[in-house]
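Have a look at the structure below before the remarks.
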Amino acid sequence: MRLGIVGVGNIVKWCLEALTMTENVCCEAICVLESDLELAKSYQSKFAINKIYTDFNLFLADPAIDFVYLGIPNKLHFSYAWKALQANKNVISEKPFTSNYDEALQLTNLAKDKKLFLFEAITTIYAPNVLLMKEHLSRIGQIKLVQSNYSQFSSRYNQYLAGQVHPAFDPAMSGGSLYDINIYNIHLSCFLFGMPEKIEYFCNKGFNGIDTSGVVVMQYPDFISVCTGAKDSASPSQTIIQGINGYLKLASSPNIARSVEVVIDGDTQTLNENEFDNHMVYEMKAFNDMFSRQAYDECYKNLEHSLSVMKILTDARNKAGIIFS
């Protein structure tokens, strides 16, 4: 699987590092702005990238590229993915998949019409320890409450307070805590339990109307899932799934998923199937596996999951009055 990567941010660096640990996947080319050429050249040297482009159209015309990976600001995911699919390229789009549900649906329909692979790069649903949680859910009996907290003080929050707005805090770039950080909690809940019956979103807003932290409450038929995400403050990140026989605890944020504790009648079992420190390795292995087997049905099943999450994100944002300009 030969990737063409768009962007040079931290997520791209982590992706390139993950590729060094993923068999049969490589970066063929990188596409960047003229202003990012020097950084792209340093990546080219370090990660043995064959080509650098500054023209997206020329990049898309490269026959050596199987997949276009988008590591760019949220707002640009839809337009770049649409253009790549139209050029008959398979696409991996970083989370959040798009800015809203309608955009995600359009991309999904286009990928299916053209029989192309389209993935949301969301590490949570490919993490070995999240898969372990799913395996052990039945052990804790009827579920009553799910609590997920992913809170991490942003290195750019003080700059935001001073009026310097980066994309992660910019409504015009589809930023905010819900889309940037709480999305992992929501993906986890939907992956384990499916679509909730009802949602609400309560959030703290900054001076430009963006959510800097907040809580999504998702009502399922027999239990409640509470998803907390913050970029303006910090706390231990974890998920606890409470059942009548015990509980499961994911020790860390759901994008990392470091280990799982299974606690039944006071007895604790700690499980960990992680092999790599770079948590992006698992999703890249999964994408390559589906691509090599031409497993479109599996890809499109995962797209339905991403659509469910995008519907929740869109509804939550609308209910909170967060407007993406």
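If R0 is 30 Å, the Cβ-Cβ spacing of ASN208 and SER35 corresponds to a FRET efficiency of close to 0.75.
Estimated from helices alone, the mean residue ellipticity of the chain at 222 nm is -10500 deg cm²/dmol (sum of -39500 (n - 2.57) over DSSP H runs with n ≥ 4, per residue). Other residues lying with their Cβ under 13 Å from the Cβ of ASN245 contribute a combined charge of 0, Lys and Arg counting +1, Asp and Glu -1. With only the Cα atoms considered, the range 202-325 has a convex hull volume of 174 Å³ per residue.
Please compute the net charge surrounding VAL226, taking Lys and Arg as +1 and Asp and Glu as -1 over other residues with Cβ under 14 Å from its Cβ. Local charge sum for VAL226: +1.
Over every Cα atom in the chain, the radius of gyration and the widest Cα-Cα span, Dmax, amount to 19.5, 61 Å.
Rounded to the nearest whole Hz, the Karplus-based 3J(HN,Hα) values (6.51 cos²θ - 1.76 cosθ + 1.60, θ = phi - 60°) of the range 191-197 follow the sequence 5, 7, 10, x, 6, x, 7, with x at glycine and proline.
Taking a straight line from the alpha carbon of LYS231, these aspartates and glutamates sit under 14 Å away, with near neighbours fewer than eight places off in the same chain left out: ASP170, ASP180, ASP211.
Summing charges over neighbours of LYS51, with a neighbour being any other residue whose Cβ is under 9 Å away from its Cβ, gives -2 when K and R count +1 and D and E count -1. In this simple spin-label model, placing a label point 7 Å from the Cα along the Cα-to-Cβ direction at both THR54 and ASP222 gives a separation of 6.0 nm. Residues in the chain average 42 Å² of solvent-accessible surface per residue, probe 1.4 Å, ligands and nucleic acids excluded. Straight-line cross-link reach from LYS83 at under 22 Å between alpha-carbon atoms covers these lysines, not counting any fewer than eight positions away in the same chain: LYS51, LYS75, LYS95, LYS112, LYS114, LYS115. Our summary gives the chain a relative contact order of 20 percent, counting only alpha carbon pairs under 8 angstrom and 6 or more residues apart. For LYS249, the lysines whose Cα comes closer than 18 Å to its Cα, not counting residues fewer than 8 places off in the same chain, are LYS134, LYS144. A quarter of the convex hull surface defined by the alpha-carbon atoms of the range 106-243 gives 10.1 nm² as the mean projection.
The values are calculated or read from the model by the stated rules, or taken from the named source; none is laboratory data. Note that the coordinates shown come from a computational prediction; the quantities given were computed from them, not determined experimentally. Reconstructed Cβ throughout: ideal geometry from the backbone, glycine too, with neighbour counts over all protein chains shown. Ligands, DNA and RNA are stripped out before the accessible areas are found, and what is left, the full protein with its side chains, is counted by its heavy atoms. Shrake-Rupley method; radii C 1.70, N 1.55, O 1.52, S 1.80 Å.
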